[in-house]
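For reference, the structure discussed in these notes is given below.
What follows draws every value from the coordinates through simple rules; no lab data is involved. From a predicted model like this one, the values you see are computed outputs, not experimental measurements. All Cβ positions, glycine included, derive from the backbone under ideal geometry; neighbour counts span all protein chains shown.
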Amino acid sequence: MATARLAEGARRTRIRAPAGVTEADLAPHLDELLPLAVERPVIDFTLRRGVRFHDGQPFTAADVLFTYQAIMDPANVSPRTSDFEPIAAVEVVEPYRVRVVYKRLFSPAITAWTMGILPEHLLNRQALAQEAAAKRLT
């Protein structure tokens, strides 16, 4: 499916995890820093400014929220759902800041976010409907 290929090509991982590294060695890739709150299950991600998708559109907190919502949408049958089940909420705090609130402590929380981020502007329902109409798929 063209959309799947587009999503695969457009995604970039937020946290870089080179082969052979442990969770303690993870470094921010699209984030500026990874502060962890030990006393409460909250992670605040501050995203790097100036990162763009393949079409030149900026990578923002809205894309992170969209990706989380796409994973958790039962209609999408994502194999990553179990990685994000411990999350109570994902909030866009600012255009380049995302807060992830967990229901409980979850040890692989950081590694769960080493996935690609989907471009919301290309894969939201309206954009997909426009693409289908343009290709006369509806």
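Points to keep in mind about this one:
- About its Cα centre, region 87-138 has a charge dipole of approximately 160 debye under the convention of +1 per Lys or Arg Cβ and -1 per Asp or Glu Cβ, with nothing else charged.
- Percentage relative contact order, region 83-138, counting C-alpha pairs under 8 Å, at least six apart: 23 percent
- For the listed peptides 72-79, 126-133, 84-91, 60-67, a ranking on the average number of other beta carbons within 10 Å per residue, highest first, reads 60-67, 84-91, 126-133, 72-79.
- Förster radius 30 Å - calculated FRET efficiency between V92 and A133, Cβ distance, rounded to 0.05: 0.55
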